[in-house]
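The numbers here are math on the coordinates, done by the rules we state, and not lab data. Treat the numbers as computed from the prediction; the structure is a model and nothing was measured. No Cβ is skipped: glycine too gets one built from the backbone with ideal geometry, and neighbour counts run over all protein chains shown.
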C-alpha cells in the first residue's frame, strides 16, 4: 500500500545508484505517476497545471475521433492516451517517459513481458508534449533527441499563452530518413484557421475551439 511507502526515498533519490525495471515494478502506482526515469536516474515531474490538463484532454478527444475513423477505414488498430508510461529501454539502463498525449498501435494481448499492456517506444506513432515553464528544455531539446533516436515518426509540440494558458501554437515535426525531426507543418492562433489539419499519419482536423473547451470564458 502507498501509505506504508517511505516517501523520503524519493527526496533522497540522488543517493540511489540506479532505478531498474524491477525496482519500478515494486513502486506504488501513485509514486510512478510523479516520476520518469532517464538512463536509470529518477526525474521528478511536477503535476500539470489545469490549463495543461485541459489542452491534453481536449486533444485526446479530438484525435481519438479521427483515429477511430482511420481504423474503421483501414482495418487497423490504434489507441490514444494521455500521461501513459512509454518504455524506451530496459537495458543497459532503464528509461521510460510519460508523454502528454500519444497515439500508438494497439498492444497485442499475447505480447507478454513485464511492461504488460503499456506501449513500447516502437509502438508509438505520434507523441505530443504541452510545454510548461518548467519543461521547456526537456520538451524542446532533451525529449526531441530521445524521441528521434527511438524512431518515433511524429512529434507535436504545443505552446501555451504565458506557458500556462490556452494553446497558442502547435509545431508538427516528422522524422526524416536521417533520424532527425524536420518541420511537418504547424499552426499559430489568430493566423491559422485550424490548430491541426493534416493527413499524416492520419487524417485529423482540430479547431482552436476544441482545444479551448473547459477554459474559463
Residues of the range 148-170 with amide N under 16 Å of the 7 Å Cα→Cβ point at residue 193: none
Compute the Rg/Rh shape ratio of the range 158-206: radius of gyration over Kirkwood radius, all on alpha-carbon atoms. 1.03
What's the extension gain from residue 93 to residue 200 if we count 0.36 nm per residue and subtract their Cα-Cα distance? 35.3 nm
log10 of Debye I(q)/I(0), alpha-carbon scatterers only, for the range 61-161 at 0.17 Å⁻¹: -0.81
Hey, in the GNM for the chain with a 10 angstrom Cα cutoff, which one of 132, 169, 23 fluctuates hardest? 23
Candidates 163, 123, 71: whichever shows maximal mean-square fluctuation once the chain is modelled as a Gaussian network with Cα springs under 10 Å: 71
Would you list 136, 80 from fewest to most Cβ contacts within 10 Å? 136, 80
Contact order relative to length for the chain, counting C-alpha pairs under 8 Å separated by 6 or more residues, stands in percent at 16
Given a Förster distance of 25 angstrom, what is the FRET efficiency for residue 72 paired with residue 114, based on the Cβ-Cβ distance and rounded to 0.05? 0.15
Which values, in whole Å and largest first, are the semi-axes of the equivalent ellipsoid of the chain obtained as the square root of 5 times each eigenvalue of the Cα gyration tensor? 29, 21, 17
Can you tell me the orientation of helix 50-74 relative to the chain, as the angle in degrees between its alpha-carbon axis and the longest Cα principal axis, to the nearest 10? 70
Under a Gaussian network model of the chain whose springs join Cα atoms within less than 10 Å, the largest fluctuation of 97, 105, 189 belongs to 189
Per 5 Å bin, what is the whole-percent P(r) computed from every C-alpha pair distance within the range 41-86? 5, 18, 20, 19, 15, 11, 7, 5, 1
Largest-first principal axis extents of the Cα set of the range 29-117 (Å): 42, 37, 18
Kindly state, to the nearest 0.05, the FRET efficiency for residue 47 paired with residue 22, given R0 = 30 Å and r defined as their beta-carbon distance. 0.65
